[in-house]
Structure formats: C-alpha cells, structure tokens
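> This is the structure I want to talk about, given as structure tokens.
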Amino acid sequence: MANGVGAGIYAAKLDIRRRFKLPKYCSIFQAEGFAVRKAAEIANNAGNDIKNTNIYVDSQVELKE
C-alpha cells in the first residue's frame, strides 16, 4: 500500500476489531505472520470462555511454517 504495511484481526463474536501499522520495510508475508500470531495471542488471553478458535488465513506459506 502507498501508506505502508498493516495487519488486521476481526472476531465478530468477541467484538474484536484491531488494526496494526507495521514498519514500512515489512513484507506482506511478514504482515500475515504477524496477524496469525497476534490472533492466537488474543484468543489465548481471552480466558476460559473460549474453548475453540478458528483462524482463517489465505496464506498456505504461513500455515506451513
């Protein structure tokens, strides 16, 4: 993007909408990795109310690492 690199997380049931501005030198792959890790962190910190978490991502590269 012209304004740099970012990542986002959305969870309707938890009413979570988060945007993250990343350094301009980050690649799209780094942004995707950041978003997956941050989503897992948020789900982990949400407490015992969450028994299952689905993280949808369109990057096979990220899922294989």
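> From the phi of every residue in the range 13-27, what ³J(HN,Hα) in whole Hz does the Karplus formula 6.51 cos²θ - 1.76 cosθ + 1.60 yield, where θ is phi - 60° and glycine or proline is x?
5, 9, 6, 10, 9, 10, 10, 10, 8, 10, x, 4, 7, 5, 8
> Separate question: Using amide H atoms built in the peptide plane, which far-off residues or other-chain residues are under 5 Å from I16 H to H?
A11
> Among 27-35, 39-47, how do they line up from the highest to the lowest mean number of other beta-carbon atoms within 10 Å?
Result, highest mean first: 27-35, 39-47.
> If you don't mind, there's one more thing I want to ask. When only DSSP loop residues count, what trypsin sites (Lys or Arg not before Pro) in the range 1-30 have their Cβ near at most 15 other Cβ atoms within 10 Å?
Passing both the DSSP loop test and the Cβ count: K13, K24.
> Which value, in debye to the nearest 20, gives the size of the charge dipole of the range 1-50 about its Cα centre, when Lys and Arg are +1 and Asp and Glu are -1 at the Cβ?
Here the range 1-50 has a charge dipole of around 220 debye.
Bear in mind that the values in this text are calculations on the coordinates, not laboratory data. On a predicted model such as this, the values are computed, not experimentally measured, just so you know. In this analysis, Cβ positions are derived from the backbone assuming ideal geometry, glycine residues included, and neighbour counts consider all displayed protein chains.
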